[in-house]
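Encoded as structure tokens, the structure appears first; notes follow it.
The values are calculated or read from the model by the stated rules, or taken from the named source; none is laboratory data. The structure presented is a predicted model; accordingly, all values stated were derived computationally and were not measured. No Cβ is skipped: glycine too gets one built from the backbone with ideal geometry, and neighbour counts run over all protein chains shown.
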Amino acid sequence: METIPTQSRMKNGKALNSVVKRKPGRPTADSEINIEHLCDVAVNVFAEKGYSGTTTTEITKKAGVARSLIHYYFGNKEELWKASIKRLANEFISEFEQSKKIHKDLNGLQMIKVVIRQLVHFYAKYPAFPKILAQELNEHSERSEWIINSMIYPLFNVTGALFKRQRKLGNIKKIDKEFQTSILIGMASNFFSNPYLAKHLYDRDPFDDEVIEKYADAVVEIFCHGIITQ
């Protein structure tokens, strides 16, 4: 399955670095384009307006780049949408693989807690991501199929073996895995997907570093040990 490196993507077989210099023959525009920044802006606009309501003109204005460069590097809105979302999945997978190397001495259950914390930090960094999933996965479409095949399966596959082994060893309760996955993703993402609610009800800024760490602690505790004291 094709992947797009966190810092680059492919154009005519050549990698595009996060900062791409202007080439001869390219449309007259800015001297360079930051692919990573552009994709971050695009994700936020797509989450706010939806795919149909988003224009490349709006994205380029917010990103501070010429529209001609979007067409040069991505071709059209759909390819920009795909590249922007795929970058997030690849970032998560890259961080997971790095965590496995860093925490190679941890046992499976401890590694699951590392993955949960990573999920929380991921959604805190990209609160627009679950909004896009909610927009696209409520019905069948070409985009929903693309998300499932290009993102959901790779994300599940990279962490699935870890959870599957612990379930087989009897260390994880035999809750249907689809329920387990939905519960975990909901816990990890909801706090950041609805920031106004947290600010209004609890006077907490979900994106404050200290709050994120405390929330990660809470998700690990409740998901792994439950909310009822024994």
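Of the listed requirements (1) more than 26 Å from HIS225 (Cα to Cα); (2) without any contact (Cβ under 8 Å) to a residue 40 or more places away in the chain, HIS103 misses just one: (1).
For the range 61-83, which positions are within 21 Å of the chain's Cα centre (by Cα) and either charged (D, E, K, R) or over 26 Å from TYR123 (Cβ atoms) (or both)? Explain how you work it out, then say what you get.
Narrowing the range 61-83 to residues within 21 Å of the chain's Cα centre (by Cα): 62-63, 74, 77-83.
Scanning the range 61-83 gives LYS62, LYS77, GLU78, GLU79, LYS82.
GLN230 falls short on exactly one of the conditions (1) within 21 Å of the chain's Cα centre (by Cα); (2) outside the structural domain of LEU109 (by TED's automatic domain parsing), and that condition is (1). The helices (runs of 4 or more DSSP H) found entirely in the range 79-197 that carry 3 or more residues being loosely packed, with under 12 Cβ neighbours inside 10 Å are 153-168, 177-193. Name the pairs whose Cβ atoms lie under 7 Å apart, with the first residue in the range 56-84 and farther than 17 Å from SER150 by Cβ, the second exposed (fewer than 15 other Cβ atoms within 10 Å of the Cβ) and at pLDDT 90 or above, and 6 or more positions between them or separate chains? As it stands, the answer is ALA63/HIS37; ARG67/THR57, since those pairs meet every condition given.
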